[in-house]
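The values are calculated or read from the model by the stated rules, or taken from the named source; none is laboratory data. Note that the structure is a prediction, hence the values are computed from the model and not measured. In this analysis, Cβ positions are derived from the backbone assuming ideal geometry, glycine residues included, and neighbour counts consider all displayed protein chains. Calculation scope for accessible area: heavy atoms of the full protein, side chains included, ligands and nucleic acids excluded. Shrake-Rupley method; radii C 1.70, N 1.55, O 1.52, S 1.80 Å.
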Amino acid sequence: MSRLLTYAQALNEAVSLTMEVDPAVFIIGEGVDDPKGIFGSTSGLKEKFGDRASDMPLSENGMTGVIIGAALAGMRPVMTHQRIDFTLLALDQIVNHAAKRCYTSGGRQGVPITIRCIIGRGWGQGSQHSQSLHSFFAHIPGLKVVMPTTPYDAKGLLIASIEDNNPVVFIEHRWLYNINGQVPEGLYRVPIGEAKMVREGSDLTIAAVSYMTLEALRAADMLAEAGVSVEVVDVRTLRPLDDKPIINSARKTGRLLVADTGWKAAGFSAEIVARVVEELHGLLKCAPRRIALPDCPTPTTPALANNYYPRSVDLVAAVCDMLGMKPDRPFAQATTAVPLDLPDKLFTGPF
Amino acid sequence: MTSMPIDTTQARALYTKLVLIREVEELIAHAYAEQQMRCPTHLCVGQEAVPAAVGTALRPDDYIFGTYRGHGIYLAKGGSLRAMLAELYGKAAGVTRGKSGSMQLIAPEVGFLCASALVGGTIPIAVGGGLAAKMRGEDRVSVAVFGDAATEEGVFHEAMNFASLKKLPVVFVCENNFFAVYTHISARQCADNIYQRAAAYDMHGVRVDGNDIVAVYEAMREAVAVARNGGGPTLIEARTYRWREHCGPNWDNDLGYRSAEEAKNWMQQEPVKRFERFVTEARLLSADELRTIRERIVEEAAEALTFAKNSPFPDACELLTGVYAP
Ligand SMILES: Cc1ncc(C[n+]2csc(CCOP(=O)(O)OP(=O)(O)O)c2C)c(N)n1
């Protein structure tokens with residue numbers, strides 16, 4: 001049986017189900033048991049599992065070491081961070097310790113931890129609360145990095161991450177929390193390391209990361225009206241990167257556009273372009289392009305943030321340009337009813 | 001006979017800052033509902049005595065470093081009210097031209113060098129301010145202001161050790177309001193003894209009633225004098241209480257993370273009225289004087305709000321400016 005769940009509910013269910021079947025699983029993080037329950041994604045876990053769902057001191061690095069130790073001693077911890085920016089305090093434990101343990105133990109040890117973290121956006125989150133730091137983690141051998149877009153993938157990938165014997169950085173996006181999708185009941189896995197074609201098309205491929213997949217699908221709808229057929233691939237796992245579906249799609253369409261939630265410079269979008277060009281050099285009909293963040297920190301004022309985040313209209317413009325099309329009518333953003341610093345009408349400040 | 005801890009000039013300075021912070025925070029709380037200040041905003045209503053006393057005990061050339069709950073120290077150190085409100089509205093006349101909003105205010109012209117939206121981040125940075133002063137042979141003092149949860153971060157301990165090791169002119173001021181968002185200190189720390197941690201780093205630690213502005217001022221004045229004279233750092237734990245929600249203008253005791261009873265008890269220890277009672281009973285300031293001070297502040301705050309609302313947004317081309325220093 002499947003039902004309509006939000007992304008937050010899907011995450012919640014994944015943790016709850018794995019905790020039910022495996023007593024080694026526990027969840028810890030700032031605010032896990034508080035009245036807001038990490039935007040709903042941990043609500044009710046404390047009531048159900050007692051101390052296995054717990055708050056923690058503001059000691060991100062130390063507590064990451066603690067879950068690494070617990071994992072080496074046989075537990076399967078999940079840690080949550082309300083903003084991915086807070087993982088920066090724990091980089092020593094994540095990168096120098098968790099990511100290295102397997103290799104430096106001669107393959108004898110694994111560190112089965114899942115670090116959930118949320119990319120913030122909107123309402124002036126600003127430079128220290130809205131960074132999209134996935135490229136950072138995707139650079140590190142020994143880590144796995146996943147970024148689910150849909151509620152279905154959120155649940156299936158989170159279960160797979162918790163069951164994985166390696167450190168997984170599980171990256172969520174705040175603007176996905178309220179979206180709905182069909183989610184089956186019970187345990188199921190979406191394998192780590194599989195990209196997914198989410199829309200079939202023939203003229204151009206958009207490979208998209210996390211929330212940008214939704215913008216890509218919106219762009220594809222707008223372009224379909226103009227007779228342009230766009231294929232969209234949701235990257236889903238950044239490390240290990242499953243480049244085959246992206247390369248195959250680009251081989252078919254001959255054109256690649258990458259849409260990323262992070263910065264363009266030295267960012268993950270460059271990795272995708274490189275993989276495709278390494279395989280398809282000479283077969284592409286035009287140079288690949290990237291739509292990603294401009295080269296500056298996130299400003300708080302909406303006057304500047306409105307131009308910071310690329311949207312579907314920017315993807316449409318890039319696609320038209322790549323196809324040598326002059327759009328015969330302006331593709332106006334349909335959603336002027338919602339201010340640009342909010343994901344939907346349900347959302348009001350300050351968060 | 002015990003001598004009066006403060007004189008009339010000090011009373012006036014303390015009261016002015018105390019009421020300035022209260023009135024401005026309340027003004028923001030009311031205006032926030034209009035949804036035009038589009039940035040996370042952490043008010044310090046209920047906690048004003050700490051920043052007001054800290055700011056009054058410092059010279060304009062002393063340094064201060066704070067947190068996202070930083071309106072209080074910004075104003076107490078002498079930052080421009082207009083520029084702060086304009087920043088909250090994301091305007092070009094804002095402190096950082098709309099780049100940083102409420103959480104990372106600065107006023108370098110009066111020594112407020114840095115604030116952070118990351119808990120604990122500015123504690124070691126403040127120690128660096130003290131190091132610079134000492135290296136240059138200046139008699140400036142550098143102050144770190146932070147919340148109780150920041151003492152759970154490793155950098156708090158690292159910073160205290162280094163400041164004490166080098167006898168740096170630093171004052172660590174912890175605003176202990178007992179909560180990190182919704183989590184009580186008893187669920188985060190093994191003991192309620194923040195000020196005692198100073199002893200482990202061979203420095204002086206004191207606990208004061210953070211709603212008693214005179215107590216905070218006295219502790220602060222002593223710590224500053226010691227630091228200025230080469231005596232090294234002090235840790236002050238000021239116990240106080242946040243009235244409104246962690247982030248935003250609303251009341252949230254209905255969420256159940258703390259009791260209405262507890263909040264009421266703290267509100268009865270309210271810092272502004274308490275100080276008014278003190279100064280009038282001690283005949284330091286008259287009720288008339290207090291009223292005049294408040295009226296002037298209310299007027300000034302209303303004028304600054306109008307200025308902020310009416311001033312222009314930064315130009316779109318500013319998005320990419322200021323990433324690097326020239
Ligand atoms: C390093 C880091 N971890 C977590 C957070 C999220 N966060 C923001 S404020 C806060 C509570 C901090 O409490 P405290 O230090 O006592 O200061 P208060 O907000 O009560 O003034 C938390 C958990 C953060 N901003 N930075």
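A few points about this structure:
- Residue within the stretch A:88-106 that is within 12 Å of the ligand (Cβ to nearest atom), within 24 Å of B:LEU105 (Cβ to Cβ) and either more than 10 Å from chain B (Cβ to nearest Cβ) or touching a Ser or Thr at 6+ places or on another chain (Cβ under 7 Å) (or both) present: no
- Scanning the stretch B:243-269 for residues that are away from chain A (no Cβ under 14 Å) and open to solvent by less than 10 Å² (accessible area, probe 1.4 Å) yields a single hit, B:ALA263.
- Only residues that are within 15 Å of A:ALA250 (Cβ to Cβ) and part of a helix (DSSP H, G or I) were counted in the stretch A:204-236, giving 1.
- Conditions (1) buried (at least 23 other Cβ atoms within 10 Å of the Cβ); (2) in contact with a strand residue (DSSP E or B) (Cβ under 6 Å, 6 or more places away or on another chain); (3) away from every other protein chain (no Cβ under 11 Å); (4) among the aliphatic types (A, V, I, L, M); number of the one not met by B:ALA149: (3)
- Scanning the stretch A:131-143 turns up one or more residues that are within 16 Å of the ligand (Cβ to nearest atom) and closer than 17 Å to A:VAL95 by Cβ.
- Candidates A:ASP203, A:ASP221 - the one that is open to solvent by 30 Å² or more (accessible area, probe 1.4 Å) and without any contact (Cβ under 8 Å) to a residue 24 or more places away in the chain: A:ASP221
- Members of the stretch A:230-244 that are of a type in the set (A, V, I, L, M) and either touching a residue at least 40 places away in the same chain (Cβ under 8 Å) or open to solvent by 10 Å² or more (accessible area, probe 1.4 Å) (or both): A:VAL230, A:VAL235, A:LEU238, A:LEU241
- Residue in the stretch A:63-79 that is out of contact with any helix residue (DSSP H, G or I) (no Cβ under 6 Å at 6 or more places or on another chain), within 24 Å of A:GLY181 (Cα to Cα) and within 14 Å of chain B (Cβ to nearest Cβ) present: no
- Filtered residue count, the stretch B:108-141, keeping only those that are in contact with an Asp or Glu (Cβ under 7 Å, 6 or more places away or on another chain), away from every other protein chain (no Cβ under 14 Å) and buried (at least 23 other Cβ atoms within 10 Å of the Cβ): 2
Here is a yes/no grid of residues against (1) more than 8 Å from chain A (Cβ to nearest Cβ); (2) open to solvent by 10 Å² or more (accessible area, probe 1.4 Å):
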position: B:TYR32; (1), (2): no, no
position: B:ARG38; (1), (2): no, yes
position: B:CYS44; (1), (2): yes, no
position: B:HIS71; (1), (2): yes, no
position: B:TYR74; (1), (2): yes, no
position: B:LEU88; (1), (2): yes, no
position: B:VAL95; (1), (2): yes, yes
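Let's see how each residue does on (1) closer than 18 Å to B:ASN265 by Cα; (2) at pLDDT below 95; (3) open to solvent by 40 Å² or more (accessible area, probe 1.4 Å):
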| residue | (1), (2), (3) |
| --- | --- |
| B:VAL181 | no, no, yes |
| B:CYS190 | no, no, yes |
| B:ALA200 | no, no, yes |
| B:GLY205 | no, no, no |
| B:ASP212 | yes, no, yes |
| B:VAL216 | no, no, no |
| B:MET220 | no, no, no |
| B:ARG228 | no, no, yes |
| B:TYR241 | yes, no, no |
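- Residue match in the stretch B:55-66 (condition: within 13 Å of the ligand (Cβ to nearest atom), in a helix (DSSP H, G or I) and under 21 Å from B:THR122 (Cα atoms)): no
- Considering B:THR41, B:THR16, the condition of being polar (S, T, N, Q) and either more than 24 Å from B:TRP243 (Cβ to Cβ) or outside any loop (DSSP other than H, G, I, E, B) (or both) is satisfied by B:THR16 alone.
- Subset tally (residues that are over 20 Å from the mean Cα position of the chain (by Cα) and more than 14 Å from chain B (Cβ to nearest Cβ)) for the stretch A:284-304: 6
- Inside the stretch A:267-292, residues that are surrounded by fewer than 21 Cβ atoms within 10 Å (Cβ to Cβ) and touching a residue at least 60 places away in the same chain (Cβ under 8 Å) make up a count of 1.
- Complete set of residues in the stretch B:276-326 that are touching a residue at least 24 places away in the same chain (Cβ under 8 Å), farther than 27 Å from B:ALA33 by Cα, assigned to a helix (DSSP H, G or I) and within 14 Å of another protein chain (Cβ to nearest Cβ): B:GLU318
- Subset of the stretch A:288-319 [more than 15 Å from A:VAL232 (Cα to Cα) and either part of a helix (DSSP H, G or I) or aliphatic (A, V, I, L, M) (or both)]: A:ALA292, A:LEU293, A:PRO302, A:ALA303, A:LEU304, A:ALA305, A:VAL313, A:ASP314, A:ALA317
- Taken over the stretch B:98-107, residues that are more than 8 Å from every other protein chain (Cβ to nearest Cβ) and open to solvent by 10 Å² or more (accessible area, probe 1.4 Å) amount to 1.
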